[in-house]
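> The following block contains the structure, expressed as structure tokens.
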Amino acid sequence: MATSEVSTDTTGLRHDWSAGEIESIYTAPLLDLVYRAQTVHRTYHVPNEVQGCVLLNVKSGGCPEDCAYCPQSAHYSTGVNRYDLMNVDDALDAARHARNQGATRFCMGAAWRDAAEGEQFNRILDMVRGVRALGMEACCTLGMLTQAQADALAGAGLSAYNHNLDTSPEFYGQIITTRTYTERLDTIARVRRAGITVCCGGIIGMGEPRPARWGLLQQLASLNPHPESVPVNMLARVEGTPLGDLPAEDPLELVRTIGTARILMPGAFVRLSAGRMSLSPEAQALCFLAGANSVFLGEQLLTTPNPSADVDRRLFADLGLQLQEAPRA
């Protein structure tokens, strides 16, 4: 297959991976895992191309959820700057800046448990319309949605909705108590019914055992269709959160998670997301080799630091990676 050709065949995709099969993939000799993942990657995606995304925090802090990793939770004292939903013009100025950085997807996050109603939600709809008018993909992460909200976002042209599962059902209760796993799956189902693509992934490094990672991947791969976008986050430890004092996770565990996700969900964009500040260039190179084909650009990812544009520019040049020039149709 020529490097410019990618598979669009979905007939061979599986949604019935067993925990044992996933364990076998994840725990294979690392070089074997990476080779298999890269082979799958080249079948479904353009080699040496990554999508640049920018994530803007359009409403910060004060969230009533108790997610143990999140500095925006009202349950913890983390020093995060709190502000209400920003105006549309400021959000679109940020989107234009993101486009100038080479991003083709602009993501807007609001620290809500449930997406706001009324004027605030209408403001979000205007942001979505404005981002799409700039020729970019628009993604939102606003908490739980009603079906009417999901339908309205679809009508405004939303490309994708992010709603992460975070971890496996078995480990979930040790991280979050204010929202059930089923509620997360219900929001994902509403997004899918509205015709919006799904962005859904999780976090490693929260003190979870390896089987929790396999369980998360099994949940994601059982969704039919698979999520079009799978962000894989390394915990960004923040002082003041319950997980702020955890030891750093081995970066090779992130490589294994990304490689396994690529094999289980070959057509998805696997996004190397939070935690890149803790990764060496060599560790990031292994993540790309294992099938990651999207990164977040910009010096801040919601409330935590992210590599600068100059650092990313050097990394991409050293690895021969090109930013995707236009959103995938």
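> Restricting the search to region 261-278, which residues are assigned to a loop (DSSP other than H, G, I, E, B) and modelled with pLDDT of 90 or more? Steps first, answer last, please.
Residues of region 261-278 assigned to a loop (DSSP other than H, G, I, E, B): 265-268, 273-275.
Those that are assigned to a loop (DSSP other than H, G, I, E, B) and modelled with pLDDT of 90 or more: Met265, Pro266, Gly267, Ala268.
> Return a yes/no flag: does region 202-210 have any residue that is touching a Cys at 6+ places or on another chain (Cβ under 9 Å), under 18 Å from Ser294 (Cβ atoms) and either at pLDDT 95 or above or open to solvent by 20 Å² or more (accessible area, probe 1.4 Å) (or both).
Start the filter on region 202-210 by keeping residues that are touching a Cys at 6+ places or on another chain (Cβ under 9 Å), which leaves none.
No, that holds for no residue.
> Among the residues of region 161-179, write down those that are over 18 Å from Asp66 (Cβ atoms) and surrounded by fewer than 24 Cβ atoms within 10 Å (Cβ to Cβ). Lay out the reasoning, then the answer.
Just the residues of region 161-179 that are over 18 Å from Asp66 (Cβ atoms), to begin with: 161-162, 168, 170.
If the condition is that a residue be over 18 Å from Asp66 (Cβ atoms) and surrounded by fewer than 24 Cβ atoms within 10 Å (Cβ to Cβ), then Asn162, Ser168, Glu170 are the ones that fit.
> If you take the residues in region 35-69 that are under 22 Å from Val270 (Cα atoms) and in a loop (DSSP other than H, G, I, E, B), which one is most open to solvent (accessible area, probe 1.4 Å)? Full working, then the answer.
Of region 35-69, the ones under 22 Å from Val270 (Cα atoms) are 35-57, 69.
Cutting the leftovers down to in a loop (DSSP other than H, G, I, E, B) gives us 45-48, 69.
Details: His45: 10, Val46: 53, Pro47: 19, Asn48: 80, Tyr69: 44 Å².
Ranking the qualifying residues of region 35-69, first place goes to Asn48.
> Does any residue in region 170-194 that is within 20 Å of Ser229 (Cβ to Cβ) come within less than 8 Å, Cβ to Cβ, of a residue that is β-branched (Val, Ile, Thr) and not in a helix (DSSP H, G or I) six or more places away or on a different chain, and which pairs are these?
Filtered contacts from region 170-194: Ile188/Val198; Arg190/Thr146; Val191/Val198; Arg192/Val198.
> Filter region 25-57 down to residues that are hydroxyl-bearing (Ser, Thr, Tyr) and touching a Ser or Thr at 6+ places or on another chain (Cβ under 9 Å), then give me how many there are. Explain how you work it out, then say what you get.
Quick first cut of region 25-57, residues hydroxyl-bearing (Ser, Thr, Tyr) only: 26-27, 35, 39, 43-44.
Filter once more, so that each one left must be touching a Ser or Thr at 6+ places or on another chain (Cβ under 9 Å): 26, 43-44.
So the answer is 3.
> Could you look through region 234-287, keep only residues that are hydroxyl-bearing (Ser, Thr, Tyr) and over 22 Å from Val198 (Cα atoms), and pick out the one that is least open to solvent (accessible area, probe 1.4 Å)? Steps first, please.
As a first pass, look at region 234-287 and keep what is hydroxyl-bearing (Ser, Thr, Tyr): 241, 257, 260, 273, 278, 280.
Next, from what is left, pick out any that are over 22 Å from Val198 (Cα atoms): 241, 278, 280.
Values: Thr241: 15, Ser278: 76, Ser280: 51 Å².
In this case the residue turns out to be Thr241.
> Might you let me know whether region 134-150 holds any residue that is farther than 27 Å from Ala290 by Cβ, of a type outside the set (A, V, I, L, M, F, W, C) and open to solvent by less than 30 Å² (accessible area, probe 1.4 Å)?
Yes, region 134-150 contains at least one residue that is farther than 27 Å from Ala290 by Cβ, of a type outside the set (A, V, I, L, M, F, W, C) and open to solvent by less than 30 Å² (accessible area, probe 1.4 Å).
> While we're here: Of these, Asp93, Asp32, Asp114, Asp84, which one is open to solvent by 40 Å² or more (accessible area, probe 1.4 Å) and under 29 Å from Gly267 (Cα atoms)? Lay out the reasoning, then the answer.
Details: Asp93 fails: under 29 Å from Gly267 (Cα atoms); Asp114 fails: under 29 Å from Gly267 (Cα atoms); Asp84 fails: under 29 Å from Gly267 (Cα atoms).
Only one candidate qualifies: Asp32.
> Can I ask one more? Would you say Ala115 is of a type outside the set (Ser, Thr, Tyr) and in contact with a Phe, Trp or Tyr (Cβ under 7 Å, 6 or more places away or on another chain)?
Values: of a type outside the set (Ser, Thr, Tyr): yes; in contact with a Phe, Trp or Tyr (Cβ under 7 Å, 6 or more places away or on another chain): yes.
Yes.
The values are calculated or read from the model by the stated rules, or taken from the named source; none is laboratory data. Computed from a prediction, not measured in an experiment: that's the story for all the values here. No Cβ is skipped: glycine too gets one built from the backbone with ideal geometry, and neighbour counts run over all protein chains shown. Calculation scope for accessible area: heavy atoms of the full protein, side chains included, ligands and nucleic acids excluded. Shrake-Rupley method; radii C 1.70, N 1.55, O 1.52, S 1.80 Å.
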